[in-house]
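Data block below; observations after.
The values are calculated or read from the model by the stated rules, or taken from the named source; none is laboratory data. Owing to the predicted nature of the structure, the values given are computational and were not obtained by experimental measurement. Glycine also receives a Cβ, built like all others from the backbone with ideal geometry; neighbour counts cover every protein chain displayed. Remember, those area values only see protein heavy atoms, side chains included, never the ligands or the DNA or RNA. Shrake-Rupley method; radii C 1.70, N 1.55, O 1.52, S 1.80 Å.
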Amino acid sequence: MKNDGATHQGLALGDIAPDFTLSNQFGEPMSLVGLRGTAVALVFYPFAFSGICTGELGELQDNVGDFEKAGVHLLAISVDTKYTLRAYAQAQGYFFDLLADFWPHGQVAQSYGVFDADRGMATRSTFLITADGVLADTFSTPTGQARPLARYRQALERL
């Protein structure tokens, strides 16, 4: 697993996280700055309905209480449309926000340095952001490898 502590294309721990506004699976706009005062976990994943992504997000749903207990708002971001994400959330029983980075395609993933332009998808990368909007932790795994729940828990402890 790549941790980082470090950077994704110019972003370093301690930097202010890039703001964005994206629609969730219900078409509701959500912005990072609108969540100030609450810590946020941004979970970038390649595609809805894919095997590894579904397993990862299912594990997060099963353990969403860890995030709630830590006072962290969980946001999962992919390049899928909000319509796809709504069907995905309903099919899988996800109750956290799934955000559509569909158009301009992958713009938010690009701003975080985690967009794979050759494949047209976000890489499997996570950013923990403090209530003040500061990058506190980041980690990622290679394509085809899930992020372990233990690494999320370690990141939550750091907040």
(message) Restricting the calculation to Cα positions, tell me the Rg (one decimal) and the Dmax (whole number) of the stretch 1-93 in Å.
(response) 14.0, 37
(message) Assuming 0.36 nm per residue, please report the length gained on full extension of the stretch Glu68 to Thr81 beyond their Cα-Cα distance.
(response) 2.1 nm
(request) Assign one of three labels to the chain, namely rounded, prolate or oblate, based on the Cα gyration tensor with a ≥ b ≥ c the square roots of its eigenvalues; rounded applies when a/c is under 1.5, prolate when it is not and a/b is larger than b/c, and oblate otherwise. (result) rounded
(request) Report the one residue of Leu99, Leu85, Gly37 whose Cα lies farthest in the direction of the positive end of the charge dipole of the chain (charges on C-beta: Lys and Arg +1, Asp and Glu -1; origin at the Cα centre). (result) Leu85
(request) Evaluate E = 1/(1 + (r/R0)^6) for Asp118 and Gln145, where r is the Cβ-Cβ distance and R0 equals 25 Å; express this FRET efficiency to the nearest 0.05. (result) 0.85
(request) Once you have the Cα-Cα distance between Phe49 and Gln154, take 0.36 nm times their residue separation minus that, and quote the gain in nm to one decimal. (result) 35.1 nm
(request) Determine the per residue accessible area of the chain with all protein chains present and a 1.4 angstrom probe, expressed in square angstrom. (result) 45
(message) Assuming 0.36 nm per residue, please report the length gained on full extension of the stretch Phe95 to Gln110 beyond their Cα-Cα distance.
(response) 2.8 nm
(message) Given a 1.4 angstrom probe, I'd like the percentage of the accessible area of the stretch 8-48 that is carbon and sulfur, rounded to a whole number.
(response) 55
